[in-house]
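A.B. asks: A single structure is presented below for examination.
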Amino acid sequence: MSPDLDRSRPIWRQVAATIEARITNGTYPPGSRVPGIVELSAEFGIAASTAQKALAHLRTTGLVRTEVGLGTFVADRD
């Protein structure tokens with residue numbers, strides 16, 4: 001597990017918050033691809049199911065959208 005993650009809080013929430021921060025600060029601009037499950041698992045040293053839950057949360061909040069077979073992308077801002 002990444003040293004930046006705190007075991008006292010849900011890991012998937014921390015990963016989602018990190019991705020959200022990257023979207024907010026422009027690391028991942030609108031329309032850009034965000035790391036997928038395998039990439040997040042490797043980056044954070046987490047299980048694929050944890051990475052999947054983080055991305056699902058971001059989809060629910062409308063920050064990202066998934067295109068089947070292509071990946072997950074930052075949603076366009078209105």
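A.B. asks: Taking the condition among the hydroxyl-bearing types (Ser, Thr, Tyr), within 12 Å of the chain's Cα centre (by Cα) and either modelled with pLDDT of 95 or more or open to solvent by less than 50 Å² (accessible area, probe 1.4 Å) (or both), does Thr50 pass?
C.D. replies: Working: among the hydroxyl-bearing types (Ser, Thr, Tyr): yes; within 12 Å of the chain's Cα centre (by Cα): yes; either modelled with pLDDT of 95 or more or open to solvent by less than 50 Å² (accessible area, probe 1.4 Å) (or both): yes.
So Thr50 passes the test.
A.B. asks: Looking at Arg65, Arg59 in this structure, which one is in contact with a Lys or Arg (Cβ under 9 Å, 6 or more places away or on another chain), open to solvent by 40 Å² or more (accessible area, probe 1.4 Å), part of a helix (DSSP H, G or I) and without any contact (Cβ under 8 Å) to a residue 24 or more places away in the chain?
C.D. replies: On inspection, the qualifying residue turns out to be Arg59.
A.B. asks: Pull out all pairs, ordered by first then second residue, where Cβ-Cβ is under 9 Å, the residues are six or more apart or on different chains, the first lies in region 17-33 and is open to solvent by 50 Å² or more (accessible area, probe 1.4 Å), and the second is among the basic types (Lys, Arg).
C.D. replies: What qualifies is Pro30/Arg77.
A.B. asks: Now, a different point. Restricting the search to region 1-16, which residues are open to solvent by 80 Å² or more (accessible area, probe 1.4 Å) and either more than 14 Å from Leu63 (Cβ to Cβ) or part of a loop (DSSP other than H, G, I, E, B) (or both)?
C.D. replies: Restricting attention to region 1-16, the residues satisfying the condition of being open to solvent by 80 Å² or more (accessible area, probe 1.4 Å) are 1, 3-4, 7-9, 13.
If the condition is that a residue be open to solvent by 80 Å² or more (accessible area, probe 1.4 Å) and either more than 14 Å from Leu63 (Cβ to Cβ) or part of a loop (DSSP other than H, G, I, E, B) (or both), then Met1, Pro3, Asp4, Arg7, Ser8, Arg9 are the ones that fit.
A.B. asks: Just to verify a result, which residue in region 22-56, among those that are hydrophobic (A, V, I, L, M, F, W, C) and in a loop (DSSP other than H, G, I, E, B), is farthest from Asp6 (Cα to Cα)?
C.D. replies: Step one: of region 22-56, the residues hydrophobic (A, V, I, L, M, F, W, C) are 23, 34, 37-38, 40, 42, 44, 46-48, 51, 54-56.
Next, only the ones that are in a loop (DSSP other than H, G, I, E, B) stay: 46-47.
Details: Ile46: 12, Ala47: 15 Å.
Ranking the qualifying residues of region 22-56, first place goes to Ala47.
A.B. asks: Filter region 68-78 for residues that are free of Cβ contacts under 8 Å to residues at least 40 places away in the same chain and either open to solvent by 40 Å² or more (accessible area, probe 1.4 Å) or among the aromatic types (Phe, Trp, Tyr) (or both) and give the result.
C.D. replies: Matches in region 68-78: Val68, Gly69, Leu70, Asp78.
The values are calculated or read from the model by the stated rules, or taken from the named source; none is laboratory data. All of these numbers come straight from a predicted model, not from anything done at the bench. Ideal geometry is used to build each Cβ from the backbone, glycine not excepted, and the neighbour counts take in all protein chains shown. Side chains included, ligands, DNA and RNA excluded: accessible areas come from the protein's heavy atoms. Shrake-Rupley method; radii C 1.70, N 1.55, O 1.52, S 1.80 Å.
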